[in-house]
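All remarks here apply to the structure that follows.
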Amino acid sequence: MTLSQRYAGSVIDMTTERSTAPDAVLRDSFGRTATDLRISLTDRCNLRCTYCMPAEGLDWLSRSDRLSDDEIVRLASIFVGLGVESIRLTGGEPLVHRTVVDIVRRLAALSPRPELSLTTNGISLDRSAADLVHAGLDRVNISIDTIDRARFAELTRRDRLPDVLRGVAAAAQAGLSPIKINSVLMRDSNLAEAPALLAWALRNGYQLRFIEHMPLDADHIWSRSAMVTAAEILDLLQNSYELAPRGHIGHAPAEEFDVLDGPDRASWASTPGRVGVIASVTRPFCRDCDRLRLTADGQLRTCLFAQTETDLRGPMRAGASDAELGEIIKLAVAGKQAGHGIDAADFVQPLRTMSAIGG
Ligand code: SAM
């Protein structure tokens with residue numbers, strides 16, 4: 001009997017069962033190796049970004065559905081044993097998870113120690129940045145789509161920009177570097193603000209990256225024809241800034257650019273500055289994808305856009321050993337799809353939204 005048959009709840013397709021070698025490596029059938037794990041601590045969030053969540057929120061996972069901290073750390077240690085080198089905590093909003101600092105501390109004690117990062121909207125980071133760094137956090141990405149308070153309130157349905165800006169400042173103060181800022185540009189909202197966002201980031205020494213809107217939103221407002229493309233963003237920036245391409249660095253999803261010249265250059269924290277675009281839709285980078293995602297309810301996703309996921313919580317709670325969970329993980333990775341398929345005629349948006357997967 002195979003492991004996935006023994007532990008009911010797993011959705012592994014038996015026909016994809018094959019061996020992967022060497023043993024401590026998570027390799028898929030297209031030769032890619034998974035070394036980066038994103039763990040969603042919670043599906044809850046304190047913002048309601050219009051391109052992500054509905055105004056009323058979603059049906060949150062119950063406490064018993066969510067992995068406990070012990071379960072998160074146990075699974076993380078198994079992934080690390082299988083070659084995962086970096087772990088990013090995300091959500092939902094990871095800082096609404098009360099014990100996030102303790103989780104960071106426990107992940108930092110794993111051997112080999114993974115690089116630890118956090119993706120956050122920055123709210124309450126002013127209170128936790130120093131503790132997070134002390135616990136072992138190495139890097140932070142903060143999502144800010146606009147620095148105009150009224151627009152922020154409209155776009156996120158919450159008037160929290162001052163809290164977010166305090167959080168960014170605290171992260172810098174706590175020594176997190178570089179601070180990466182993620183922005184999603186929406187045509188009818190913050191698109192024209194892109195150069196001003198870049199000016200703000202350059203002045204403060206933050207690395208800004210524009211993320212293309214993806215079909216992962218709860219309200220299904222995404223459309224290929226309306227979304228703001230990377231080409232459009234770069235054209236807009238190049239009206240004011242001189243950019244020099246650096247390409248993708250390692251397996252990073254962002255295509256990076258040095259900012260050589262532009263308005264108020266004397267005020268920039270460093271020259272050249274840096275800006276990036278994450279063009280998941282129009283310039284997919286699936287061939288180099290080294291990422292895996294663990295949802296807050298313990299489902300392993302090998303692609304943001306996958307239609308299937310592999311249950312790790314069920315087998316774990318049914319008594320599977322670390323070695324057995326490792327085999328389930330290896331099988332899931334082996335079956336990772338070649339690409340996200342957004343352009344395929346039969347593309348269907350996954351049931352889970354970005355916030356429920358862990359962005
Ligand atoms: N709450 C945290 C935050 O705001 O960074 C982490 C989770 S959030 C889902 C992670 C990132 O996904 C954010 O930068 C957010 O802007 C982005 N995001 C959410 N929905 C998206 C979508 N449909 N397309 C592209 N990016 C999206």
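No value in this document is a laboratory result; all are computed from the given coordinates. Every value quoted in this text rests on a predicted model; they were computed, and no experiment measured them. For neighbour counting, all protein chains shown are included, and Cβ atoms are generated from backbone atoms with ideal geometry for every residue, glycine included.
Nearest 10 degrees, 0 to 90: what angle lies between the long axis of helix 125-135 and the longest principal axis of the chain (Cα atoms)?
For 125-135 against the chain, the angle is about 50 degrees.
Order 253-263, 298-308, 187-197 from most to least packed using the mean count of other Cβ atoms within 10 Å. Before the final figure, lay out each step's value.
Values: 253-263: 18.2, 298-308: 20.8, 187-197: 16.1.
Ranked by mean Cβ neighbours within 10 Å, highest first: 298-308, 253-263, 187-197.
Report the extension gain between residue 159 and residue 286 in nm, rounded to one decimal, defined as 0.36 nm multiplied by the number of residues separating them, less their alpha carbon distance. Could you put the intermediate results ahead of the total?
Numbers: separation 127, 0.36 × 127 = 45.72 nm, distance 3.60 nm.
Net length gain for the segment: 42.1 nm.
Using alpha-carbon pairs under 8 Å, 6+ residues apart, how would you state the relative contact order of the chain in percent?
Numbers: 707 pairs, mean separation 84.2, N = 359.
The normalised contact order for the chain reaches 23 percent.
If amide hydrogens are placed 1.01 Å from N in the peptide plane, which non-local residues have theirs closer than 5 Å to the one on residue 115?
Correct list: 86, 87.
Which of the cysteines in the chain are isolated, no other cysteine C-beta under 4.7 Å?
45, 286, 289, 303
Above 21 angstrom, tally the Cα pairs of the stretch 220-326 and express them as a % of all pairs, no decimals. Before the final figure, lay out each step's value.
Numbers: 3245 of 5671 pairs.
The share of Cα pairs beyond 21 Å in the stretch 220-326 comes to 57 percent.
How much of the calculated P(r) for the chain lies past 40 Å, in percent of all Cα pairs?
Details: 6875 of 64261 pairs.
So the portion of pairs separated by more than 40 Å is 11 percent.
When the distances between all Cα atoms of the stretch 128-219 are binned every 5 Å from zero, what whole-number percent does each bin get?
Computed distribution, short to long bins: 3, 13, 22, 24, 18, 12, 6, 1, 0.
Helix 194-204 against the longest principal axis of the chain: what's the angle in degrees, Cα atoms only, rounded to the nearest 10?
90
Relative contact order for the stretch 108-261: what percent, with Cα pairs under 8 Å and sequence separation of 6 or more? Let's see the in-between values first.
Numbers: 223 pairs, mean separation 27.0, N = 154.
Rounded, it is 18 percent for the stretch 108-261.
Could you work out [θ]222 nm for the chain from helices alone, using -39500 (n - 2.57) per DSSP H run of at least four and dividing by all its residues? Round to the nearest 500 deg cm²/dmol.
Working: 11 runs with 100 residues, N = 359.
Roughly -8000 deg cm²/dmol at 222 nm, from the helical runs in the chain.
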